[in-house]
1. For a quick check of your reading: which helices (runs of 4 or more DSSP H) sit entirely within the range B:255-337 and have at least 3 residues that are under 25 Å from B:E159 (Cα atoms) and within 14 Å of chain A (Cβ to nearest Cβ)?
2. Which of the residues spanning the range B:255-284 are among the β-branched types (V, I, T) and over 17 Å from B:H224 (Cβ atoms)?
3. Looking only at the range A:94-125, filter to residues that are assigned to a helix (DSSP H, G or I) and out of contact with any Cys (no Cβ under 8 Å at 6 or more places or on another chain); which one of those is surrounded by the most Cβ atoms within 10 Å (Cβ to Cβ)?
4. If a residue must be of a type in the set (F, W, Y), surrounded by 24 or more Cβ atoms within 10 Å (Cβ to Cβ) and in contact (Cβ under 8 Å) with a residue 60 or more places away in the chain, how many such residues does the range A:184-234 contain?
5. If the requirement is being under 19 Å from B:T5 (Cα atoms) and at pLDDT below 95, which of these qualifies: B:S102, B:S83, B:S121?
6. Can you tell me which of (1) more than 9 Å from every other protein chain (Cβ to nearest Cβ); (2) in a loop (DSSP other than H, G, I, E, B) is the one B:H224 doesn't meet?
7. I need the full set of residues from the range A:173-183 which are in contact (Cβ under 8 Å) with a residue 24 or more places away in the chain and not in a loop (DSSP other than H, G, I, E, B), in order please.
8. Restricting attention to the range A:146-169, and to residues there that are hydrophobic (A, V, I, L, M, F, W, C) and under 19 Å from the mean Cα position of the chain (by Cα), which single residue is nearest to B:A235 (Cα to Cα)?
There are 2 protein chains.
Amino acid sequence: MAIITVIGSGMMGSAITWPAADNGHTIRYVGSPLDRAIIDHARATREHLTLKRPFPKGDLHFYQIEELAEAMKGADLLLCGVSSFGLDWFLDTIIPQIPDNSIVLSITKGMVALEDGSMISYPEVMEQRAEALGKKGIDFNAVGGPCTSYELADLDPTEVTFCGRKPETLRWLKSLFEQDYYNISLSTDVRGVECAVALKNAYALGVSLAIGMSYKREGREFEHYNSQAALFGQAVREMTLLLDLCDGKPEQLPLGVGDLYVTVFGGRTRKIGTLLGTGMSFDEAMEILKGTTLESIVISTRTAVAVRRLIERGIVRAEQFPLLLHIDELVNGGKTVNVPWKAFEREDF
Amino acid sequence: MAIITVIGSGMMGSAITWPAADNGHTIRYVGSPLDRAIIDHARATREHLTLKRPFPKGDLHFYQIEELAEAMKGADLLLCGVSSFGLDWFLDTIIPQIPDNSIVLSITKGMVALEDGSMISYPEVMEQRAEALGKKGIDFNAVGGPCTSYELADLDPTEVTFCGRKPETLRWLKSLFEQDYYNISLSTDVRGVECAVALKNAYALGVSLAIGMSYKREGREFEHYNSQAALFGQAVREMTLLLDLCDGKPEQLPLGVGDLYVTVFGGRTRKIGTLLGTGMSFDEAMEILKGTTLESIVISTRTAVAVRRLIERGIVRAEQFPLLLHIDELVNGGKTVNVPWKAFEREDF
């Protein structure tokens with residue numbers, strides 16, 4: 001049995017341990033500085049405070065961040081459980097403490113845009129950071145694919161992809177986590193997998209605009225699907241182009257599409273998109289969602305910055321990304337919703 | 001202003017006339033033998049019986065099938081408004097009566113599997129039929145893309161693709177139907193467009209299985225999305241392969257994906273998939289849905305027949321289509337739901 005140390009014990013970082021605990025592995029949960037209450041609550045009740053579910057049965061241990069060294073001692077796997085907003089903390093505070101030759105599996109999905117408009121994935125950012133620190137042999141892997149934390153903790157059948165550099169590491173990771181309800185594909189196309197699943201954050205906001213437009217028109221919470229489907233199709237078209245721009249393999253597109261699907265149905269991205277769809281400005285919508293952290297805003301902004309840079313460089317044309325650029329206008333340009341339907345039309349002769 | 005004659009005035013055949021009527025064109029609605037009540041009701045009330053909405057304002061005329069010749073006289077465009085179940089009637093009874101050099105736009109989405117497992121689109125089937133009859137110069141075009149009839153009649157923003165052989169015909173068709181709420185792309189990739197949108201009928205049933213599985217597990221109408229997203233992703237993977245097998249361009253995939261999205265949310269395909277997902281046999285589920293016509297059953301059966309033939313011929317492998325083959329087992333093999341999750345896992349090294 002392996003020892004798995006989770007660093008960052010929020011909802012997703014914790015939920016992914018369910019299948020591993022069910023396989024009999026030892027899990028050590030370390031709270032980030034933001035997770036103090038989660039760890040205290042877990043120690044007292046063996047329930048996850050924000051997931052609102054009991055932890056699985058098994059050999060589980062709970063640590064505050066100052067106990068990190070003890071929690072990492074003898075661990076076979078380090079799990080990076082922070083969201084995009086914790087990435088800098090993980091890069092600056094945690095990676096310096098990770099022993100050489102560790103294996104890391106990260107649940108953080110995302111991309112970083114470089115100065116020239118090219119985009120690289122979080123595992124690559126982590127690799128670069130470890131290299132800059134003179135670390136040796138740390139093997140960074142990541143989890144992609146459609147998976148909401150609540151449903152995983154409820155053992156809903158889920159399909160994900162683990163990506164990394166080494167097939168043998170990926171197969172070992174799969175052996176730790178595989179369950180009848182947790183199905184794992186493997187890929188060495190790190191950039192492609194991460195790019196596909198990161199982009200869904202931006203485009204789920206785009207699809208949700210149609211929900212808000214429908215609510216507004218109907219004067220009640222009634223959804224129309226033709227317009228959602230039109231935005232969904234356009235999102236897939238733009239994601240296909242972006243995946244190619246990231247040098248990801250087209251085979252990863254279904255991961256991003258599945259992840260887009262699940263993201264349209266849940267949580268904060270749907271909420272902000274729906275509010276913007278009713279005609280609110282971004283500031284008005286954020287007023288209502290006060291205090292929520294929105295990866296969709298980070299990712300859509302970052303992707304739009306990259307795409308605008310690539311447009312300047314003549315590598316792509318603005319007409320190829322009308323939905324992304326409209327999302328960016330809403331989020332960063334003070335505009336209100338006005339979906340550029342005619343810009344989605346194509347002639348394919 | 002043009003004269004448009006609709007042959008088959010059911011829900012979709014009629015709904016597509018809304019934007020054309022709003023553009024001021026004359027519409028002549030001809031009922032199929034199944035649409036008698038629709039035509040009688042329209043004459044008496046100017047309301048569509050099954051769409052349950054008033055017809056748009058404009059120069060509209062209503063005909064029973066025996067008045068077809070009169071309705072076609074001087075028409076600029078013939079609109080084939082039947083569903084897959086009316087295709088044989090259209091091929092056998094209507095095409096012989098269509099004048100040479102007519103322009104036809106068909107809303108019927110679907111594919112026919114040939115003996116060798118190859119699949120061709122309905123417009124191609126119509127072309128072959130017209131050729132066999134010695135007809136000259138009939139220009140067959142078709143409508144693909146996500147569009148439910150109710151929502152189109154409610155003027156929900158909708159994005160479709162018209163496909164056909166001639167760019168100039170397609171541009172003219174677009175000029176007849178284009179509206180701010182009805183957005184039209186154009187493509188000469190007839191096979192690709194039709195294949196992409198036909199396949200969604202089969203796979204929407206597949207995605208809906210997860211809805212029924214969730215209902216059963218929860219004991220109430222509560223949906224889980226991780227499992228739906230996993231099936232959605234797998235559907236996109238298999239649709240991508242099938243599109244390629246049909247010699248369709250990969251650019252058409254977003255049409256099929258958008259159409260899959262809208263089909264999961266509405267109507268009969270969702271119902272049969274959900275019932276099968278709760279563990280019912282196909283016969284039990286059809287007992288409940290008695291009397292409903294199911295294009296998803298026709299298309300999934302036909303596609304599975306084609307794929308099994310291609311497997312026999314060594315052109316594809318069964319492992320590439322686990323979802324389609326499971327749908328076929330449910331529909332035609334007397335099995336009950338048992339999603340082959342592990343068969344969806346891949347190693348992409």
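1. Output list reads B:267-277.
2. B:V257, B:V262, B:T263, B:T269, B:I272
3. Top of the filtered list is A:Y122.
4. Within the range A:184-234, residues that are of a type in the set (F, W, Y), surrounded by 24 or more Cβ atoms within 10 Å (Cβ to Cβ) and in contact (Cβ under 8 Å) with a residue 60 or more places away in the chain number 1.
5. Being under 19 Å from B:T5 (Cα atoms) and at pLDDT below 95 holds for just one of B:S102, B:S83, B:S121, which is B:S83.
6. Of (1) more than 9 Å from every other protein chain (Cβ to nearest Cβ); (2) in a loop (DSSP other than H, G, I, E, B), only one is false for B:H224: (1).
7. A:L173, A:L176, A:F177, A:Y182, A:N183
8. A:V160
The values are calculated or read from the model by the stated rules, or taken from the named source; none is laboratory data. Remember, predicted model here, so these are calculated numbers, not experimental data. Neighbour counts are summed over all protein chains in view; Cβ atoms, including those assigned to glycine, are modelled from backbone coordinates with ideal geometry.
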